[in-house]
Amino acid sequence: EKVTVEVLDHLEHLALVDFRDAEGVERLQKAIQFADRLHEVNTDGVEPMDSVLEDRCLYLREDDVTEGNCTNELLKNAREKIEEYFVAPPGNIPLPKLEERETFLQGS
């Protein structure tokens with residue numbers, strides 16, 4: 001299957017990965033082909049699992065707050081923030097316009 005410009009745009013924004021060149025698009029197509037092979041696995045009669053450790057008892061700890069009220073200290077680590085929130089991505093991954101990416105998809 002060919003990767004459309006819309007799918008590429010969506011994946012770049014989700015993963016913050018730049019598929020701007022033909023090699024990136026080719027690698028993405030190979031990953032999709034590999035994942036599509038999972039559809040061939042017969043899972044009829046297989047119950048979904050809640051955990052890979054279903055046969056073991058998992059002990060949970062109490063969720064006791066021992067520290068807190070350190071918002072200002074944590075926000076000092078942010079490159080960019082709005083009010084009391086980190087801004088992500090910080091703008092270090094410039095994503096190309098849809099028209100620019102179309103040229104890479106045509107060659108694949």
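Rolling a 1.4 Å probe over the heavy atoms of the protein chains gives the range 1-59 an accessible area of 88 Å² per residue.
A simple spin-label model places pseudo-atoms 7 Å from Cα toward Cβ; at F86 and Y59 they are separated by 3.2 nm.
Which of the GluC sites (Glu not before Pro) found in the range 10-57 are in a DSSP loop and have at most 16 neighbouring Cβ atoms, other than their own, within 10 Å? Sites meeting the loop and neighbour criteria: E54. In plain terms, if you count all Cα to Cα distances in the range 1-61 and split them into 10 Å steps from zero, the share in each step is 16, 32, 19, 24, 8 percent.
Identify all aspartates and glutamates with a Cα-Cα distance to K30 below 19 Å; exclude those on the same chain that are fewer than 8 residues away in sequence. Reachable aspartates and glutamates: E1, E6, D9, E12, D18, D21, E40, E102.
The apolar share of the surface of the range 24-73, taken as the fraction of accessible area on carbon and sulfur atoms (1.4 Å probe, ligands and nucleic acids excluded), comes to 49 percent.
The values are calculated or read from the model by the stated rules, or taken from the named source; none is laboratory data. This structure is a prediction, so every number in the text was calculated from the model and none was measured. No Cβ is skipped: glycine too gets one built from the backbone with ideal geometry, and neighbour counts run over all protein chains shown. Note: areas computed on protein heavy atoms with side chains; ligands, DNA, RNA excluded. Shrake-Rupley method; radii C 1.70, N 1.55, O 1.52, S 1.80 Å.
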